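The values are calculated or read from the model by the stated rules, or taken from the named source; none is laboratory data. Quantities reported herein were computed from a predicted structural model and do not represent experimental measurements. Methodologically, a virtual Cβ is constructed for each residue, glycine included, from the backbone with ideal geometry; neighbour enumeration extends over all protein chains shown. Just the protein is used for accessible areas: all its heavy atoms, side chains included, with ligands, DNA and RNA removed. Shrake-Rupley method; radii C 1.70, N 1.55, O 1.52, S 1.80 Å.
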Amino acid sequence: SFNPDIHPIHPVIPNYLSTSMRWIVSKTSENKESQFDTLYISKESVVNGKTYKVINNVLLRQEEYKIYYYNPGMSGYANQEYPIYDFNTKIGDSIVTIGKDQQLSWITVNKIETIMLLNGWAAQRITYSDNSVNIEFVGDSKTGILAHLIADEREYNLFQVYNGNVLLYENEGINFSHLQNQQTSSFLSKQIVNGQLFILRNGRLYDVLGR
């Protein structure tokens, strides 16, 4: 018989927080200076008997198809964890979202689609009532797995997601003119060299994987 709790495309639970995952983001400061950064799992940390993956000092853990965020210091919500991603959800379900002001709110699932990532993996794309979009293995389609959780004044935009050296996702909505350094009038563009994606800036190539 049909079990509604079984994931429609991943009956075997994927590892969304694999140590091989890389999220490439741009960081733009108030004076419009931008740089790329690679977010990845740097270590593990045990809190209250639970093991969390640490990405840029943010603590996340996966339990089945959910990813939990542990908040060590948000006023009124300190030392608690919240499910910020649920990749086995249904239309009408709700989940916690945390804004850049670190305030909690609840959003509702409006639409669920199955898409193909660039490496051929099937993934669910979930659209919520606030028009945010979460994608399996990617996280938020605009900010990545945790950029909206980083206590930083800079603006974060997801550029690409890799599993090892394999490109899974590219944010086609990213505006390269937005990443332009206003002080140096540098220009960013993408360039493929021997199958590897680079950023071309002022005549120099930068490996977005940070190698």
Residues located in segment 165-184, provided they are exposed (fewer than 13 other Cβ atoms within 10 Å of the Cβ) and at pLDDT 50 or above: N165, E172, G173, N175
Long-range neighbours under 6 Å by Cβ, at least six apart or interchain, first residue within 12 Å of F87 (Cα to Cα) within segment 100-128, second crowded, with 17+ Cβ neighbours inside 10 Å and modelled with pLDDT under 90: V109/T89
Per-region count, segment 102-137, residues assigned to a loop (DSSP other than H, G, I, E, B), over 18 Å from the mean Cα position of the chain (by Cα) and modelled with pLDDT under 85: 1
Search result, residues across segment 138-158 that are open to solvent by 10 Å² or more (accessible area, probe 1.4 Å) and at pLDDT below 70: H148, I150, A151, D152, E153, R154
